[in-house]
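The values are calculated or read from the model by the stated rules, or taken from the named source; none is laboratory data. It should be emphasised that the depicted structure is a prediction, and the values quoted were computed from it without experimental measurement. Note: ideal-geometry Cβ built from the backbone for every residue, glycine included; neighbour counts use all protein chains shown.
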């Protein structure tokens, strides 16, 4: 599977370090920038069935990427990552999983596209944490 998307710049995080999701980001990825020693935490909203949110991150040097997606409620969300060519590396969707977590190891420096998807009919707020490991 391939994920393709244009990119848009993200807005700075709030004083608590959280980055607000910018809509629309279902085709155009919100740029979060380079991963470093501090995790990126995004406060977003899955609008319901088949809603997809894309975020672009960059590794400056080879590293692993860890993602954790959490929410409140009975909705079913998933998180995944693809490379700069849009090729899916990993997708995590456990029907009862909350948080959904996954790590992709030993990735080369470059850009990656993180995807949050919803399989539920109702909207839900989520918190997405992305970090270099």
Residue among 80, 117, 73 that is in contact with a strand residue (DSSP E or B) (Cβ under 7 Å, 6 or more places away or on another chain) and over 15 Å from residue 45 (Cβ atoms): 80
If you scan the stretch 86-120, which residues turn out to be at pLDDT 90 or above, over 14 Å from the mean Cα position of the chain (by Cα) and not in a strand (DSSP E or B)? 98, 108, 109
Tally the residues that are under 13 Å from the mean Cα position of the chain (by Cα) and either at positive phi or modelled with pLDDT of 95 or more (or both), restricting the search to the stretch 54-77. 11
Output the number of the condition that residue 73 fails; it satisfies all remaining conditions of (1) in a loop (DSSP other than H, G, I, E, B); (2) free of Cβ contacts under 8 Å to residues at least 24 places away in the same chain. (2)
